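Read the structure below first, then the notes.
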Amino acid sequence: MQTHLADVFRNTPDGEVAERILRNCVHCGFCLATCPTYQVLGSELDSPRGRIYLMKQMLEGATPSTKTQLHLDRCLTCRNCETTCPSGVEYGKLLDIGRRIVEEEVGRGATRAVARAALKAGLGSPLLFNGMLKIGRTVRGLLPGFLRAHIPAAEAAGDWPSPRHARRMLVLQGCVQPGLRPGINAATARVLDRLGISLVTAKEAGCCGALAHHLNDTEAGLSAARRNIDAWIPQLDAGADAIVMTASGCGVMVKDYGWLLRDDPAYGEKAARVAAATKDISEILVGEGDAVKRLITRPAQERVAYHPPCTLQHGQKLAGGVEALLSAAGFELVPVAEQHLCCGAAGTYSILQPEIAGQLKARKLGHLQAGQPALIVTANIGCLTHLQSGTAIPVRHWVELLDEALAAS
């Protein structure tokens, strides 16, 4: 794709990245077949190729409008198009640049700006989120069904083994996961403990920054990244093997720290080190596969439908690991059509774009339920809560099932 950047973008860091990405696009349209919003809306401008044209025009000097912003906002950032693209177009990086420019040029109306600020504050702070969640659970029985479905009942985390092994790994607690599903990280700690690995937290670490980053608050996202880096580097220096992610949405963000802070003289090298040390829990357990198999003496028998989050299969390019671990534990994985397509959660997307998210959720649940599974499992808290709001079948994190299988053996 030929590009002629406007003077304001030429020879700038964003301009150089955008131009390189744009020149890789060959207009083939393969991305349309796997783009969730194009599947739902059928509009070229709501496809990766259409959005690339909009961003190209803007970078070449065209004035962005609220219509430009609408089409970029509608993107789920699922990065399915990157998996499909034969030319290696790094669409996600281009979209970050395009959204940031539009945000600066077009802005937001007062109502929308307040709503987005409230989402960043309410979801990004465990203290605020857990307080609101507690209130919601108190009045849950009085709420209409569609609201009640979004407020899960409280659950106990279960035991978290005390550190006792020479091998040690860090885990990011996350923003909403400890309040919504505290059992996920505790189950991870128990699984790793059986393998001779102690799982610990760095109390100074907080939100991974993805929430602010995807709401176009770049500086807030980078500030969160720097805080986490400061919390983790001393732990890595002290011998921690890895930084474990149990929410794939957080994982893809932390693995991007090196890229996002590449030009920061104080944090660039440390960010790259943290990114390299970050592993999804499935990566850790696949690496310990033989030891996991030895611990399984009584294979499970349940039928399970697995939804691989976009942030795992497209963002982190991790496919097949979870399925292999569950199969080794004896679970029967039912066939699921269109596994590559997004469920519609996508962080705050399900709140800001409820109609599209709702259609994608219904489509995804139709496929997941077709095989009549006893359980639906996934690897990201956002997908988990989004899907659970639309089905009576329990939706859980896959590592919880593995923990139970190992406990029963």
Problem - Contacts under 7 angstrom Cβ, first residue in segment 156-183 being over 25 Å from Leu384 (Cα atoms), partner in a loop (DSSP other than H, G, I, E, B), 6 or more apart - result: His165/Gly196; Arg167/Gly196; Arg167/Asp241; Arg168/Gly239; Arg168/Ala240; Arg168/Asp241
Handout entry: Residues within segment 267-286 that are under 18 Å from the mean Cα position of the chain (by Cα) and outside any helix (DSSP H, G or I), tallied
Key = 3
Practice task
Can you tell me which residue among Thr68, Thr77, Thr37 is at pLDDT 95 or above, in a helix (DSSP H, G or I), closer than 30 Å to Glu338 by Cβ and under 20 Å from the mean Cα position of the chain (by Cα)?
Solution key: Thr37
Handout entry: Check on Arg148, open to solvent by 30 Å² or more (accessible area, probe 1.4 Å) and touching a Lys or Arg at 6+ places or on another chain (Cβ under 6 Å)
Key = yes
Exercise for the section: Would you be able to say whether some residue in segment 342-360 is out of contact with any helix residue (DSSP H, G or I) (no Cβ under 8 Å at 6 or more places or on another chain), modelled with pLDDT of 95 or more, within 20 Å of Asp403 (Cβ to Cβ) and of a type outside the set (A, V, I, L, M, F, W, C)? Expected result: no
Exercise for the section: Report yes if some residue within segment 291-305 is closer than 30 Å to Gly88 by Cβ and either more than 16 Å from the chain's Cα centre (by Cα) or not polar (S, T, N, Q) (or both); otherwise report no. Expected result: no
Practice task
Say whether the condition of being within 21 Å of His71 (Cα to Cα) and among the charged types (D, E, K, R) is met by at least one residue in segment 14-35.
Solution key: yes
Practice task
Go through segment 265-293 and give me each residue that's without any contact (Cβ under 8 Å) to a residue 40 or more places away in the chain, of a type in the set (D, E, K, R) and crowded, with 16+ Cβ neighbours inside 10 Å.
Solution key: Lys279, Glu283
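The rows are residues; the columns are (1) open to solvent by 10 Å² or more (accessible area, probe 1.4 Å); (2) part of a loop (DSSP other than H, G, I, E, B); (3) on the phi > 0 side of the Ramachandran plot.
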position	(1), (2), (3)
Gly330	yes, yes, yes
Val336	yes, yes, no
Leu360	no, no, no
His386	yes, no, no
Problem - Meets criteria (more than 23 Å from Leu32 (Cα to Cα) and either modelled with pLDDT of 90 or more or in contact with a helix residue (DSSP H, G or I) (Cβ under 9 Å, 6 or more places away or on another chain) (or both)) for Leu59 - result: no
Handout entry: Scope segment 226-257; condition assigned to a loop (DSSP other than H, G, I, E, B), under 19 Å from Val286 (Cα atoms) and hydrophobic (A, V, I, L, M, F, W, C); matching residues
Key = Ala240, Ala242, Ala247
Problem - Qualifying positions in segment 78-95 - open to solvent by 30 Å² or more (accessible area, probe 1.4 Å) and either without any contact (Cβ under 8 Å) to a residue 24 or more places away in the chain or of a type in the set (Val, Ile, Thr) (or both) - result: Thr83, Thr84
Exercise for the section: Go through (1) within 20 Å of the chain's Cα centre (by Cα); (2) free of Cβ contacts under 8 Å to residues at least 40 places away in the same chain; (3) more than 20 Å from Gln313 (Cβ to Cβ); (4) not in a helix (DSSP H, G or I) and name the single condition Gly390 misses. Expected result: (2)
Exercise for the section: Go through the residues of segment 335-345 one by one and say whether even a single one is under 26 Å from Gly158 (Cα atoms) and among the small types (Gly, Ala, Ser). Expected result: no
Practice task
Can you tell me which residue within segment 242-257, out of those that are open to solvent by less than 20 Å² (accessible area, probe 1.4 Å) and either free of Cβ contacts under 8 Å to residues at least 60 places away in the same chain or of a type in the set (Asp, Glu) (or both), is nearest to Arg226 (Cα to Cα)?
Solution key: Tyr257
Handout entry: Test: residue in segment 291-299 that is at pLDDT 95 or above and in a loop (DSSP other than H, G, I, E, B)
Key = no
Practice task
All but one of (1) more than 27 Å from the chain's Cα centre (by Cα); (2) in a helix (DSSP H, G or I) hold for His27, so report the exception by its number.
Solution key: (2)
Practice task
Could you list all residues from segment 42-56 that are assigned to a helix (DSSP H, G or I) and either crowded, with 20+ Cβ neighbours inside 10 Å or touching a Ser or Thr at 6+ places or on another chain (Cβ under 8 Å) (or both)?
Solution key: Asp46, Pro48, Arg49, Gly50, Arg51, Ile52, Leu54, Met55, Lys56
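The values are calculated or read from the model by the stated rules, or taken from the named source; none is laboratory data. Predicted model only: the values in this text are computed from it and were never measured. With ideal geometry, Cβ positions are generated from the backbone for all residues, glycine too; neighbour counts draw on all protein chains shown. Quick note on the areas: whole protein, heavy atoms, side chains included, nothing else; ligands and nucleic acids left out. Shrake-Rupley method; radii C 1.70, N 1.55, O 1.52, S 1.80 Å.
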